[in-house]
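Student: Below is one structure. I have some questions about it.
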Amino acid sequence: MPALSVLLPVRDAGPYLAPSLASLWRQTFTDFEVVAVDDGSSDASGEMLEHAATHEPRLVVLRQPARGLPSALNLAFAHARAPVLVRHDADDRSHPCRFELQRAFLRVHRDVGVLGTRVRLFPSSAVGVGMRRWARWHNQLLTHEQIAAEALIDSPLAHGTAMLDRTALEQVNGWAERGWPEDLDLWVRLLEAGVRFAKLPGALYAWRQHARSATRCQPRYRPERFDALRLETLARGLLRERPALTLVGVGASLARWRALLSANGYQVIPLAQGHPPPEPPTWAPPIVLVFGAAAARARWRAAFARAHRVEGREFCFVA
């Protein structure tokens with residue numbers, strides 16, 4: 001049995017697949033298998049995988065019709081043999097020491113069930129302003145507490161960087177197809193199950209930016225699908241059996257969330273307030289704060305800390 005199983009979903013990755021695989025074969029830790037699933041590629045990706053498998057015994061190739069990323073990941077998961085699972089995407093690259101460093105961390109910190117790394121975006125010419133902002137935010141979130149607190153802002157851990165304990169993934173039945181971001185959906189379900197997260201400070205994963213990437217093309221990553229996921233997470237957590245809430249924010253973001261919550265039956269008290277009041281807020285929980293800027297969230301967190309309010313139980317942030 002290998003120590004690690006790498007789950008590699010593939011869909012039309014032809015131009016990038018060879019360098020992506022090469023980054024796996026260059027790993028300093030070598031006791032792993034790669035379970036690749038060709039998810040209905042219309043290019044030669046499937047044939048490229050099968051050809052690579054003739055030279056690399058650690059590569060297992062599975063093929064299925066185009067059923068989507070969660071299905072491909074669950075198929076790879078079902079065939080994976082190792083107690084620790086690793087994500088890697090077919091157009092990205094892993095640093096040669098990635099597996100070695102992540103595995104060493106998990107062997108010491110046995111309470112951690114999901115471990116990511118910082119990311120590097122490449123090529124620089126294809127990286128837009130929004131992705132640069134996301135990467136700066138993502139790379140600042142290293143601890144479980146930071147990751148959990150920001151989970152409804154965006155995906156706080158890049159999917160491709162993840163190394164996961166098999167039992168944690170089994171606990172939540174793997175990936176789910178809900179028509180929204182499968183990575184954030186998995187993270188919130190794991191957090192709800194009590195699984196602890198962490199992130200290594202090294203940029204051990206290179207995330208390729210290109211016009212055909214799933215995050216740019218697939219409907220599951222549209223803003224309204226993120227909102228649907230956030231709303232359902234709130235309904236299971238902070239707003240469970242709490243039909244009335246205080247909503248704090250400004251401008252279009254406040255209006256969007258007021259409309260979304262009201263349309264789903266919540267009694268919303270909106271407060272158009274960009275900065276915390278001079279005195280600690282005394283509003284009754286639950287309180288949902290809509291602030292996309294990290295600096296604004298930091299100001300509000302400090303104000304709620306002075307009021308001894310508990311994040312996640314009495315208030316939370318969305319974007």
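The values are calculated or read from the model by the stated rules, or taken from the named source; none is laboratory data. Worth saying up front: this structure is predicted, and the values here are computed from it rather than measured. Note that each Cβ is placed from the backbone with ideal geometry, even for glycine, and that neighbours are counted across all protein chains shown.
Student: Surrounded by fewer than 19 Cβ atoms within 10 Å (Cβ to Cβ) and aromatic (Phe, Trp, Tyr) - does that describe any residue in the range 224-241?
Tutor: No, every residue in the range 224-241 fails to be surrounded by fewer than 19 Cβ atoms within 10 Å (Cβ to Cβ) and aromatic (Phe, Trp, Tyr).
Student: Please note which strands (runs of 3 or more DSSP E) are completely contained in the range 1-94 and include at least 1 residues that are over 22 Å from the mean Cα position of the chain (by Cα) and either over 21 Å from Asp183 (Cβ atoms) or touching a residue at least 60 places away in the same chain (Cβ under 8 Å) (or both).
Tutor: Hits in the range 1-94: 32-39, 59-64.
Student: Which of the following residues is under 17 Å from the mean Cα position of the chain (by Cα), more than 19 Å from Phe317 (Cβ to Cβ), surrounded by fewer than 17 Cβ atoms within 10 Å (Cβ to Cβ) and not assigned by TED's automatic domain parsing to the domain that holds Leu289: Arg196, Arg208, Arg178?
Tutor: Criteria check complete, one pass: Arg178.
Student: For the range 148-190, enumerate the residues that are of a type in the set (Lys, Arg) and part of a loop (DSSP other than H, G, I, E, B).
Tutor: Within the range 148-190, Arg178 is the sole residue that qualifies.
Student: Follow-up. Which one of these does Gly68 not meet: (1) surrounded by fewer than 14 Cβ atoms within 10 Å (Cβ to Cβ); (2) farther than 12 Å from Leu7 by Cβ?
Tutor: Single failed check for Gly68: (1).
Student: Taking Asp111 as the residue in question, decide whether it is of a type in the set (Asp, Glu) and either surrounded by 15 or more Cβ atoms within 10 Å (Cβ to Cβ) or within 19 Å of the chain's Cα centre (by Cα) (or both).
Tutor: No; evaluated as a whole, the condition is false for this residue.
Student: May I pose another question? Does Ser125 qualify as being modelled with pLDDT of 95 or more and assigned by TED's automatic domain parsing to the domain that holds Pro9?
Tutor: Spelling it out, it is not the case that Ser125 is modelled with pLDDT of 95 or more and assigned by TED's automatic domain parsing to the domain that holds Pro9.
Student: A further question follows. Given the residues Leu204, Leu245, which is the only one that is part of a strand (DSSP E or B) and either among the polar types (S, T, N, Q) or more than 30 Å from Ala22 (Cβ to Cβ) (or both)?
Tutor: Going through Leu204, Leu245 in turn, just one is part of a strand (DSSP E or B) and either among the polar types (S, T, N, Q) or more than 30 Å from Ala22 (Cβ to Cβ) (or both): Leu245.
Yes/no per residue for (1) among the charged types (D, E, K, R); (2) over 24 Å from Gly130 (Cα atoms); (3) in contact (Cβ under 8 Å) with a residue 12 or more places away in the chain; (4) not assigned by TED's automatic domain parsing to the domain that holds Ala252:
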position: Gly274; (1), (2), (3), (4): no, no, yes, no
position: Pro278; (1), (2), (3), (4): no, yes, no, no
position: Pro286; (1), (2), (3), (4): no, yes, yes, no
position: Val290; (1), (2), (3), (4): no, no, yes, no
position: Arg297; (1), (2), (3), (4): yes, no, yes, no
position: Ala303; (1), (2), (3), (4): no, yes, yes, no
position: Ala307; (1), (2), (3), (4): no, yes, yes, no
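Student: Given the criterion surrounded by 14 or more Cβ atoms within 10 Å (Cβ to Cβ), of a type outside the set (A, V, I, L, M, F, W, C), modelled with pLDDT of 95 or more and assigned to a loop (DSSP other than H, G, I, E, B), identify the matching residue among Pro285, Pro270.
Tutor: Among Pro285, Pro270, only Pro285 is surrounded by 14 or more Cβ atoms within 10 Å (Cβ to Cβ), of a type outside the set (A, V, I, L, M, F, W, C), modelled with pLDDT of 95 or more and assigned to a loop (DSSP other than H, G, I, E, B).
Student: Is it true that Arg118 is closer than 22 Å to Asn139 by Cα and crowded, with 23+ Cβ neighbours inside 10 Å?
Tutor: Answer is no for this residue.
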